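The values are calculated or read from the model by the stated rules, or taken from the named source; none is laboratory data. Being a predicted model, the structure only gives us computed values, none of them experimental. Glycine gets a Cβ as well: all are built from the backbone with ideal geometry, and neighbour counts include every protein chain shown.
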Amino acid sequence: MHRIDIIREHLRSDVEPNNKSTLMNNTSSKHSQKEQILKNAHFSTRAVSKGYVHSSGFESALPTPIVASSTFELDDVNHGAELSAKRQVEGKSPFLYSRWSNPTSQSAASQITRLEEGFGTHLCSSGMAAISTVLFGLLSKGDHIIVFTPVYGGTHEILSAELPRYGIDVTWVNDHHNNPNAMEEYSKLVIKGRTKVIYSESPGNPTLSITDLLLVSALGIKHDLVSVVDSTFASPYNQTPIATCGMDVVIHSCSKYMGGHSDLIAGSITSRTEDLHLKFFQQLKLFGGVLGPFDSFLLARGIKTLDVRMERHNRNAQLVAEFLNSHEKIDKVFYPGLKQHPQHELATEQMKGYGGMVSFEVRGGVEAGIKLVENLKLIVLAVSLGGVETLVEQPSTMTHGMVSKVEREKFNPFIGWLRTLFRHYSRFEKCIR
Ligand SMILES: *Cc1c(COP(=O)(O)O)cnc(C)c1O
């Protein structure tokens, strides 16, 4: 039996997705039949089917309609009172005000829920809004969080500069050594009564390191912590942390693969349980970082082609990584799909594909890296990822400049990295020569 199956078997009773409640799923029977069929459908079928929303006009339109309304007409005072008290009213519209929920946003959110196989999803105005809503929603003064490194630059800044201002302590873990005593060792980091969250990101930015999500989820279950993963670099096409690893919360920066066209800033929070989903609803409604209907429309549209885009990203990145790996001017290539990647096996266990991001070190260090990225002709010097263009950037001088050199070298003992995203039309070979 595969290691992943053994742990999954062990966790099964704890991680059965909770789809029974109807509180947030005010669904017609025709709709629930459709969702039942979709549960077992192919990824692409789940991705292209519009998310359900309680409204006849909305239901009959084929693509997701943009409902540009801040507020919604109510049937009677009781309807308004019930919705204000967070309850759904049988047979009536569930919409009160768009900071609470909006049909376009809810429809796109339910597409993500289906792909991530969670209980429910909230859409946020950015990936950072999703991350801060989750962190500030789960943590209070005096609490403690364990963080598996590396994490996105903005996440690193929130954890190291913002959380301490609210009296929340952070312990950093660097687990990329396939440590057989990991469970025991990291259990000792848990402070009874104070540790509430275990946070991870996989694959990690910019080194494409893989965090063992089963380990994170098992630590969470053992010590009653909420396990969170930022799965942006994988997308639900390559990795479904709730269904396969029993994680509690999956975050995406939908500005990347999910939107897929570099024309959108958005984030998502998918929860395994109804309790967590409601908790984040309460936080998001008060913090206010929700996604508007126009951007939700773009997101809903982007998700429909996620599988074809990811399939191509996976294939191209593998070819580019192999090309760079054999190039004399390249010192090191970091790509989980290469056998030499220290967690290639782990990546193969928990992911379906290795993604479209490749990191590499150019011989000659930072200066040589700058020369390369500034002289590429077709590949664009720009941050971000997940769109259809091929991009290149230099994390050590750009996106990860705010991570101190000491920390960078401690967690990622090399400097001068580049990070690139490749897709089908990139003529990288020509450019590097
Ligand atoms: C881009 C990114 C974020 C932040 O998302 P925004 O949409 O830019 O706010 C968070 N995590 C990862 C892994 C990212 O790549």
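For the list (1) at negative phi; (2) modelled with pLDDT of 95 or more, I need the number of the one condition that N205 fails.
(2)
When you look at A161, is it closer than 21 Å to L225 by Cβ and in a helix (DSSP H, G or I), yes or no?
Judged against the criteria, A161 is not a match.
For the subset of region 195-249 comprising residues that are part of a helix (DSSP H, G or I) and of a type in the set (S, T, N, Q), which member is nearest to the ligand (Cβ to nearest atom)?
Across region 195-249, the extreme among qualifying residues is S235.
For Q340, work out the one condition from (1) within 24 Å of the chain's Cα centre (by Cα); (2) modelled with pLDDT of 90 or more it doesn't fulfil.
Every listed condition holds for Q340 apart from (1).
Tell me, yes or no, whether region 157-169 has at least one residue that is under 24 Å from Q350 (Cβ atoms), of a type outside the set (A, V, I, L, M, F, W, C) and either surrounded by fewer than 19 Cβ atoms within 10 Å (Cβ to Cβ) or within 16 Å of the ligand (Cβ to nearest atom) (or both). Let's see the steps before the verdict.
Just the residues of region 157-169 that are under 24 Å from Q350 (Cβ atoms), to begin with: 159.
With of a type outside the set (A, V, I, L, M, F, W, C) added as a condition, the list becomes none.
No, region 157-169 contains no residue that is under 24 Å from Q350 (Cβ atoms), of a type outside the set (A, V, I, L, M, F, W, C) and either surrounded by fewer than 19 Cβ atoms within 10 Å (Cβ to Cβ) or within 16 Å of the ligand (Cβ to nearest atom) (or both).
It is to be established whether one or more residues within region 256-273 are more than 16 Å from Q350 (Cβ to Cβ), within 14 Å of the ligand (Cβ to nearest atom) and acidic (D, E).
yes
Quick one: which strands (runs of 3 or more DSSP E) sit completely within region 253-363 and have at least 1 residues that are crowded, with 20+ Cβ neighbours inside 10 Å, assigned by TED's automatic domain parsing to the domain that holds N179 and in contact (Cβ under 8 Å) with a residue 60 or more places away in the chain?
On the way: elements: 267-271, 330-334, 357-362.
Passing ranges, in order: 267-271.
What's the number of the only condition in (1) within 16 Å of the ligand (Cβ to nearest atom); (2) closer than 30 Å to P342 by Cα; (3) in a strand (DSSP E or B) that H122 fails to meet?
H122 satisfies every listed condition except (2).
Tell me whether region 197-205 contains one or more residues that are in contact with a Ser or Thr (Cβ under 9 Å, 6 or more places away or on another chain) and surrounded by fewer than 20 Cβ atoms within 10 Å (Cβ to Cβ).
no
Is it the case that I37 is of a type in the set (A, V, I, L, M), under 16 Å from P293 (Cα atoms) and out of contact with any His (no Cβ under 8 Å at 6 or more places or on another chain)?
No; evaluated as a whole, the condition is false for this residue.
For region 136-181, how many residues meet the condition of being small (G, A, S) and more than 26 Å from P342 (Cβ to Cβ)?
Qualifying residue count for the region: 5.
I'm told G154 meets every condition in (1) surrounded by fewer than 22 Cβ atoms within 10 Å (Cβ to Cβ); (2) within 16 Å of the ligand (Cβ to nearest atom); (3) modelled with pLDDT of 95 or more except one. Can you identify the failing condition by its number?
(3)
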